[in-house]
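The values are calculated or read from the model by the stated rules, or taken from the named source; none is laboratory data. What you are looking at is a predicted structure, and each value in this text was computed from that prediction instead of being measured. Backbone-built Cβ (ideal geometry, glycine too); neighbour counts: all protein chains shown.
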Amino acid sequence: MTSNSSSSTDVEPNVLDVIVIGAGFAGLDMAYRLSRDGNRRFTVLEQAASLGGTWRDNVYPGCACDVPAQLYSFSWAPNPDWSRYYAGQAEIRAYLERTADDFGLRPFIRFSHVVTALAYDQHSRIWTVSLRDRPALQARHVVLATGPLNIPAYPNIPGLDGFKGRTLHSAQWDPAYDPTGQHVAVIGTGASAIQFVPEVAKRAASVTVFQRTPPWVVPRPDRSISDGEKRAYRRWPWLQRLVRARIYWEFETRALGFVHAPRLLAFMQWRAKRNMAKAIRDPKLRQALTPDYKLGCKRILVSDDYYPALARDHVSLNTAGIDHIDGNGVVDQAGQHHRADSILFGTGFKVQETFNRFPILGEGGRSLEADWQDYPKTHLGITVAGYPNLFILFGPNAGLGHNSIIYMIESQTAFVMDALRQMQARGATALKVTEAAQDRFDHLVQSRLAGSVWQVGGCQSWYQNEEGRNIALWPGFTFRYRQLTKKLNPADYVFET
Ligand code: NAP
């Protein structure tokens, strides 16, 4: 997606060292590291009026993280006060706000700064960052921390425009929306929908869930964290680090099953089936809810209340497929009309478009959108040939299906800092990854993916592009990724002085 730039042609005179775009987890981690470096002139541009990224945007009821809070947090900002094993959206957002203040990061953030284009000038070796309704900024380096899951995807269903009731997407929820007494249609059964369906079902008169592909749902061992535990974490921070490490390794072992031996996932699949059997008595419903692809192929979902919600009398699952929408509801492919006062979309995100949310022009005016027309190609998911001094966080093939993305982000920001240090040590003003390094990384990723559950598990997912190529996930252990990104290998780069 390219935005229609209304940018001013003015440019602020000072050239910054680094511009970071986005103030979610990735942008804040980058800001933390840059601020600790001491002599970096940098700023973080955030399009919204507050920070938090996905944890600011997703305010649907039931929104929570499916990675335990002790692990889903910065290594440098442990929080002994998490109230639950799995933290909810509001608590994670508050954690990010507090962390930004505690570590003095807020002054570096310029809110309501909407980037409309990036352009590299190879003579001056400077990036110009165009902004909506503001003078452009310039920097030697740019870090994209814009995240892959924030352009909502609405399904292209005939008749949707003529629907007379309310429509809401999980990522654009209106906190004032009240389903009390309403007939509600839900489209989608991914990570977001399975969290809001139980909450909406508590108040709605009826809920019809339109499922295209059933997800695998494993139990969610949530619990509150006692005051005693919190005190212990405060007193003995190593104890909290130990808990974090235990969770990390528990999640990390899943990579074995995902990448190397999908049959190892059989036990989890059995747990998921048992999870369903406990709540769903009706064998027909159980059958409709049982996936025909391998667990792990799509993101594994974690819930204790989704199946019980579906078992309630006023909640029904429709698997006939949607034919069209009319003014008063949804008509399925069996011809049955389902009255709806509101339609709730849990239909996910346009992941591919996030890479092209604004034009990015590299050396000689080449465009990232054109270069990535087939698929995004990077080195380590971070640097791109033809785009010197540009770094991407949580970019292509750096996402995860099995562990905390914060771990990956921290590996990447450490890599960026090492790159900046190595440039400085060599007096370099431009850092360019070689095509050869990029090709090698691409080969490594795709060869690992070839036998993985994501490719051979028998499903389609948002991890893949339209051609079925996995553009989202790092296929392997996260500690291996950390080893690869620990130090920038000078042989993979050209330093221009
Ligand atoms: P998603 O996983 O992409 O799920 C979208 C759902 O909508 C799928 O069930 C999909 O069916 C369905 N769908 C899409 N288009 C449709 C259409 N035209 N007709 C009928 N059904 C349609 O999206 P999401 O649930 O928002 O989750 C996206 C990602 O966000 C997750 O995988 C996860 O990484 C992240 N997330 C994380 C958490 C967390 O706890 N940390 C919570 C929420 C989201 P098909 O399966 O058939 O395509």
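Values for this structure:
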read-out	value
Among residues of the range 178-228, those that are closer than 28 Å to Ala69 by Cα and among the polar types (S, T, N, Q), counted	5
Condition met for Asn79 (outside any helix (DSSP H, G or I), in contact (Cβ under 8 Å) with a residue 12 or more places away in the chain and more than 24 Å from Phe358 (Cβ to Cβ))	yes
The range 165-211, subset out of contact with any Lys or Arg (no Cβ under 8 Å at 6 or more places or on another chain), away from the ligand (no atom under 16 Å from the Cβ) and among the aliphatic types (A, V, I, L, M), residue farthest from Pro148 (Cα to Cα)	Ala205
The range 187-210 residues that are more than 11 Å from Tyr306 (Cβ to Cβ), paired with ones that are crowded, with 24+ Cβ neighbours inside 10 Å and small (Gly, Ala, Ser) (beta carbon under 6 Å, 6 or more apart)	Ser192/Ser170; Thr208/Ala185
Residue pairs meeting the criteria (Cβ under 8 Å; at least 6 apart or on separate chains; first without any contact (Cβ under 8 Å) to a residue 24 or more places away in the chain, in the range 336-350; second within 14 Å of the ligand (Cβ to nearest atom) and small (Gly, Ala, Ser))	Gln336/Ala320
Search result, residues across the range 30-46 that are under 23 Å from the mean Cα position of the chain (by Cα) and not in a helix (DSSP H, G or I)	Thr43, Val44, Leu45, Glu46
Any pair with Cβ under 8 angstrom, 6 or more apart, that starts in the range 297-321 at a residue that is surrounded by 18 or more Cβ atoms within 10 Å (Cβ to Cβ) and ends at one that is in a loop (DSSP other than H, G, I, E, B) and aliphatic (A, V, I, L, M)	Arg299/Ala191; Leu301/Ala191; Tyr307/Ile280; Leu310/Ile280
Residue match in the range 212-226 (condition: within 12 Å of the ligand (Cβ to nearest atom), among the hydroxyl-bearing types (Ser, Thr, Tyr) and not in a helix (DSSP H, G or I))	yes
Among the residues listed as Val494, Val433, the single one being in contact (Cβ under 8 Å) with a residue 40 or more places away in the chain and either surrounded by fewer than 22 Cβ atoms within 10 Å (Cβ to Cβ) or within 16 Å of the ligand (Cβ to nearest atom) (or both)	Val494
Members of the range 148-160 found to be modelled with pLDDT under 95 and more than 10 Å from the ligand (Cβ to nearest atom), listed by number	Ile151
Filter result (touching a residue at least 40 places away in the same chain (Cβ under 8 Å) and polar (S, T, N, Q)) within the range 211-250	Gln211, Thr213, Ser224, Gln240
Flag for Ser130 being away from the ligand (no atom under 13 Å from the Cβ), of a type in the set (Gly, Ala, Ser) and either over 30 Å from Leu16 (Cα atoms) or crowded, with 21+ Cβ neighbours inside 10 Å (or both)	yes
Conditions (1) surrounded by fewer than 19 Cβ atoms within 10 Å (Cβ to Cβ); (2) assigned to a loop (DSSP other than H, G, I, E, B); (3) under 25 Å from the mean Cα position of the chain (by Cα): number failed by Asp292	(3)
Output for the range 107-127, where each listed residue is within 29 Å of Trp76 (Cα to Cα), within 23 Å of the chain's Cα centre (by Cα) and buried (at least 17 other Cβ atoms within 10 Å of the Cβ)	Ile109, His113, Val114, Val115
Condition met for Pro198 (within 24 Å of Asn275 (Cα to Cα) and assigned to a helix (DSSP H, G or I))	yes
Qualifying residue in the range 228-236 (condition: at pLDDT 95 or above, surrounded by 14 or more Cβ atoms within 10 Å (Cβ to Cβ) and outside any helix (DSSP H, G or I))	no
Among (1) closer than 20 Å to Leu45 by Cα; (2) part of a helix (DSSP H, G or I); (3) of a type in the set (D, E, K, R) - the single one Glu91 does not satisfy	(1)
Matching residues in the range 356-375 - criterion: being under 24 Å from the mean Cα position of the chain (by Cα) and either within 16 Å of the ligand (Cβ to nearest atom) or charged (D, E, K, R) (or both)	Arg357, Glu369, Asp371, Asp374
Answer residue from the range 35-73, given it is within 11 Å of the ligand (Cβ to nearest atom), among the aromatic types (Phe, Trp, Tyr) and in contact with a Ser or Thr (Cβ under 9 Å, 6 or more places away or on another chain) and is nearest to Ala176 (Cα to Cα) among those	Tyr60
Per-region count, the range 122-169, residues in a loop (DSSP other than H, G, I, E, B) and charged (D, E, K, R)	4
Which listed residue is aliphatic (A, V, I, L, M), touching a residue at least 40 places away in the same chain (Cβ under 8 Å) and out of contact with any Asp or Glu (no Cβ under 7 Å at 6 or more places or on another chain), from Leu168, Leu160	Leu160
Selection status of Ala450, at negative phi, in contact with an Asp or Glu (Cβ under 7 Å, 6 or more places away or on another chain), among the hydrophobic types (A, V, I, L, M, F, W, C) and more than 15 Å from the ligand (Cβ to nearest atom)	no
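Residues are listed down the side, and each one gets a yes or a no for (1) over 28 Å from Met408 (Cβ atoms); (2) within 15 Å of the ligand (Cβ to nearest atom):
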{"position": "Glu229", "(1), (2)": "no, no"}
{"position": "Phe251", "(1), (2)": "no, yes"}
{"position": "Phe267", "(1), (2)": "no, no"}
{"position": "Ile280", "(1), (2)": "yes, no"}
{"position": "Lys284", "(1), (2)": "yes, no"}
{"position": "Gln287", "(1), (2)": "yes, no"}
{"position": "Ile300", "(1), (2)": "no, yes"}
